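**Student:** This is the structure I have questions about; it appears just below.
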Amino acid sequence: MPSVAVIGASSARHKFGNKAVRAYLRQGWTVYPVNPSEPIIEGLTSYPSVSAIPGAVDRASLYLPPALGIGVLDDIQRKGIRELWVNPGAESDELIEKAERLGLETIQACSIVDIGERP
């Protein structure tokens, strides 16, 4: 099964960081919510950082404002996650440029739609 780190996951069901967790679960993905303030999201252990996730991760899906998101790119790269989905509202020119410099395959689109769901 593929795995995804949902960075900016939330327990608030109306937020896209929560909708993504539920959508990936429905599609059979292994989901790693990342949020330093919430220990459990949708019944899953939430990790305080990308580097705290055990094992390999196939994809990162970013749901943070650009000013915060740019700060997690180094962790994503160090973790060996090559595919980065930058969801609407999480993008900025600076963030995209840094992600590409780090060698991340950067996709600017809704990752929920990519897996066949509607947010």
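**Student:** List the residues, sorted by chain then number, that are 5 or more residues from TYR47 or on another chain and whose placed amide H is less than 5 Å from its amide H.
**Tutor:** Here VAL34, ASN35 satisfy the definition.
**Student:** Continuing with the same structure: Only bridges whose two residues both fall in the chain count here: according to DSSP, what percent of them are antiparallel, nearest 5? Don't skip to the answer; put the middle values down first.
**Tutor:** Numbers: 2 of 20 bridges.
Bridges in the chain are about 10 percent antiparallel.
**Student:** Now a separate question. Using modelled amide H (1.01 Å from N, peptide plane; none on Pro or chain starts), what sits under 5 Å from the amide H of GLN108, excluding residues fewer than 5 places away?
**Tutor:** Those qualifying (amide H under 5 Å, at least 5 residues apart or on another chain) are VAL86.
**Student:** Let me ask another. Which one of ALA23, ILE41, ALA9 has its Cα pushed farthest toward the positive end of the charge dipole of the stretch 1-63, where Lys and Arg give +1 and Asp and Glu give -1 at the Cβ?
**Tutor:** Checked the options; the winner is ALA23.
**Student:** Relative to the first principal axis of the alpha-carbon coordinates of the chain, what is the inclination of helix 16-26, with its axis defined by its Cα atoms, in degrees from 0 to 90 and to the nearest 10?
**Tutor:** 60 degrees
**Student:** Against the 2.2 N^0.38 Å scaling, with N counting residues, where does the chain land? I'd like the Cα-based Rg ratio to two decimal places. Don't skip to the answer; put the middle values down first.
**Tutor:** Working: Rg = 12.7 Å, N = 119, 2.2 N^0.38 = 13.5 Å.
So the chain has a normalised radius of gyration of 0.94.
**Student:** Now for a separate question. Can you give the calculated 222 nm mean residue ellipticity of the chain, where each DSSP H run of n ≥ 4 adds -39,500 (n - 2.57) and the sum is split over every residue, rounded to the nearest 500 deg cm²/dmol? Walk me through the numbers on the way to the answer.
**Tutor:** Numbers: 5 runs with 35 residues, N = 119.
For the chain, the value works out to -7500 deg cm²/dmol.
Here, each number is a calculation from the coordinates, and none is a lab measurement. These figures come from a predicted structure and were not determined experimentally. All Cβ positions, glycine included, derive from the backbone under ideal geometry; neighbour counts span all protein chains shown.
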